[in-house]
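Working notes, structure below.
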Amino acid sequence: ERLQAAIKGEQSDRAPVALWRHFPVDDQHPERLAEAVVAFQERYDFDFVKVTPASSFCLKGWGIEDEWQGATEGTRAYTNRVIKDPQDWGRLPVLDSNAGSLADQLHCLSLIRERLGPDIPIIQTIFNPLSQAKNLAGEAVLLEHLRRDPDQVALGLKTILESTLSFIHAMEQIELDGIFFATQHASYRFFDDQGYKRFGDPYDIPILEAASGWWLNVLHLHGEAIMFDVANRYPVQVVNWHDLETSPDLRIGADAFNGAVCGGIRRETIALGSPGEIEDEAQQAMAKMDGKSLILSTGCVVPIVAPDGNLRAVRSAIKHT
């Protein structure tokens, strides 16, 4: 009810709050990842659960390799890319969602739903096709191929789209509430508006349309110089971005978007600040939004080095409203 009120711009008893993180090493096994996600939720009692597998979960069927090297965000390092030449994009097969790491993630989601019961909203991370393409090739190679042979990249994006749609349809068998749709290139650092409408929109929107039966679809606009207008073109209920590190401001974003905004706290504050500093940021965000249209969170994953007391401070802040 709190989340639905925020999406509608209505007043509720308090702002909903949610944080999420990676679970390195555990994220290589569906049972262990499920256990870690459930334990995190049982410890902090957030208003929804975002399931955050390793970004390679949707790529391993194509032969990608990665390993845990100790990144503070909890992300794995890619050790073998599968796209080297532009022609490699056209060689990608459509993946079977009932096999390999995709099937493992479906099993993980089923376990989480079984453990948490029907009343806690659960959303699954879905990386958009450009983000998946970046991980298949590496950032520099992807950008080179987009300039050198964009039609070949488009072939790969089409295959990635078809594989992702298959996974979305497979998730319909699980009682989920939405997806966390992560984009990493809806930014003027990579594209102009026309470029993103060519290589982003045609591959992103069909995925979000396929997810339209769910009520809690969150768009994540990663990085700086973001194209916030994308949020108004995409059929989502919530938009999340690094609001304290790049424009627009949280209030300005809320005024421009028909739904809830998700943010208000810096990841650096969660990791390195004090509980008092975290509560101050949370209180400022809630005051700025006048208690409406806000889901209190960070702009991206919580670093795995964040102290327990700092995570608890986010929960404490909402009790003071």
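Annotations for the structure displayed:
- With DNA, RNA and ligands ignored, accessible area of K84 (1.4 Å probe; Å², nearest 10): 120 Å²
- For the stretch 181-321, accessible area per residue (1.4 Å probe, heavy atoms of protein chains only), Å²: 39 Å²
- Candidate lysines for bridging to K158, where Cα separation is under 29 Å - those fewer than 8 sequence places away on the same chain excluded: K50, K60, K84, K134, K197
- Overall shape: prolate for the chain, with the ratio a/c of the largest to smallest alpha carbon gyration tensor axis at 1.5 or above and a/b above b/c.
- Helices in the chain that qualify as membrane-span-like (whole DSSP H runs, Cα extent of at least 27 Å along the helix axis, mean Kyte-Doolittle hydropathy of 0.5 or higher) are 150-171.
- Residue-normalised accessible area of the stretch 17-77, expressed per residue, 1.4 Å probe, Å²: 37 Å²
- Only one residue of P303, G253, S274 has its Cα farthest out toward the positive end of the dipole of the stretch 200-321, where Lys and Arg carry +1 and Asp and Glu -1 on Cβ, and that residue is S274.
- Cα-based equivalent ellipsoid of the stretch 27-107: semi-axis lengths in Å, sorted from largest, via gyration tensor: 28, 16, 10
- Tail weight of P(r) past 18 Å, computed on alpha-carbon pairs of the stretch 1-53, percent: 42 percent
- With the largest listed first and rounded to whole Å, the semi-axes of the equivalent ellipsoid of the stretch 1-136 from the Cα gyration tensor are 31, 17, 15.
- Antiparallel DSSP beta bridges within the chain, percent to nearest 5: 15 percent
- Taking the chain as a Gaussian network of alpha-carbon nodes connected by springs under 10 Å, the highest mean-square fluctuation of the residues H242, H220, H145 belongs to H145.
- Computed over neighbours whose Cβ is under 15 Å from that of I126, the net charge equals -3, Lys and Arg +1, Asp and Glu -1.
- Considering only alpha-carbon pairs that sit under 8 angstrom and 6 or more positions apart, the relative contact order computed for the chain is 21 percent.
- Springs between Cα atoms under 10 Å define the GNM used for the chain, and in it the highest mean-square fluctuation of N310, N128, N232 occurs at N232.
- The accessible-area ordering, largest first, of the residues D119, D229 stands as D119, D229, per a 1.4 angstrom probe.
- In the chain, the calculated helix contribution to ellipticity at 222 nm averages -13000 deg cm²/dmol per residue, counting -39,500 (n - 2.57) for every DSSP H run with n ≥ 4.
- Percent carbon-and-sulfur accessible area, the stretch 52-202, ignoring ligands, DNA and RNA, probe 1.4 Å: 46 percent
- Sites V94 and R315 - FRET efficiency at Förster radius 45 Å, r taken between beta-carbons, to 0.05: 0.60
- Taking a sphere under 14 Å around the Cβ of G178 and counting the other residues whose Cβ falls inside, with K and R at +1 and D and E at -1, yields a net charge of -3.
The values are calculated or read from the model by the stated rules, or taken from the named source; none is laboratory data. Every value quoted in this text rests on a predicted model; they were computed, and no experiment measured them. Positions of Cβ are generated from backbone atoms using ideal geometry, with glycine treated the same way; all protein chains shown enter the neighbour counts. Accessible surface is based on the protein model in full, side chains and every heavy atom, while ligands, DNA and RNA are left aside. Shrake-Rupley method; radii C 1.70, N 1.55, O 1.52, S 1.80 Å.
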